[in-house]
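Inspection log for the structure reproduced underneath, given as structure tokens.
The values are calculated or read from the model by the stated rules, or taken from the named source; none is laboratory data. Remember, it's a predicted structure, so these values are computed and weren't measured experimentally. Every residue, glycine as well, gets a Cβ built from its backbone with ideal geometry; the counts of neighbours run over all protein chains shown. In case anyone asks, the SASA skips ligands and DNA or RNA and just uses the protein heavy atoms, side chains included. Shrake-Rupley method; radii C 1.70, N 1.55, O 1.52, S 1.80 Å.
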Amino acid sequence: MSDKKIKIQIADPGKLVYMGEAASVILPAHDGEMGVLHGHIPMIGLMGAGTVDVNYGTTREYFAVRSGQFEITGEAVKILAEEAGPVASKPGK
């Protein structure tokens with residue numbers, strides 16, 4: 001895993017839910033989970049409902065999202081969801 005951090009923004013139409021940096025992020029793309037590290041190929045895509053997993057290396061933080069879109073630039077991930085908010089743990093864990 002790269003030592004470089006990826007910048008992450010999670011927002012819904014009403015607010016900025018999260019902004020920070022992490023070692024990696026796993027997001028619920030419309031066709032399955034997708035892991036993103038710093039340097040990932042740039043892309044945009046559709047999100048399904050699920051949980052965004054922000055991995056700091058030794059700890060994790062989770063955010064529930066309901067549909068939306070994402071943009072990856074290689075240095076950052078921007079998530080715009082219909083609804084988003086922090087959750088205590090990933091469902092099923």
Within the under-10-Å Cβ sphere about Pro42, not counting Pro42, Lys/Arg +1 and Asp/Glu -1 give a net charge of -2
Length gained if Gln9 through Asp31 is fully extended, taking 0.36 nm per residue and subtracting the Cα-Cα distance, is 5.8 nm
A 1.4 Å probe over the protein heavy atoms gives the range 25-93 a carbon and sulfur accessible-area percentage of 54 percent
Taking alpha-carbon centroids only, the range 7-23 lies from the range 25-50 a number of Å equal to 14 Å
For the range 8-93, the Kirkwood Rh over every pair of distinct alpha carbons, in Å, works out to 12.5 Å
A chain fully extended from Ala76 to Leu16 at 0.36 nm per residue, minus the present Cα-Cα distance, gains in nm 20.1 nm
Per residue, accessible area of the chain with a 1.4 Å probe, heavy atoms of protein chains only, in Å², comes to 57 Å²
Largest-first ranking of Met43, Met19, Met34 by accessible area, probe 1.4 Å, whole protein assembly kept, is Met19, Met43, Met34
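How about the range 1-35: which trypsin sites (Lys or Arg not before Pro) there lie in a loop by DSSP and see at most 10 other Cβ atoms within 10 Å?
Within the range 1-35, no trypsin sites (Lys or Arg not before Pro) qualify (loop, at most 10 other Cβ atoms within 10 Å).
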So the pair-distance distribution of the range 25-65, from every Cα-Cα distance in 10 Å bins, comes to percents of 28, 56, 17
Dividing the mean separation of Cα pairs under 8 Å (6+ apart) by the residue count of the chain yields a relative contact order in percent of 30 percent
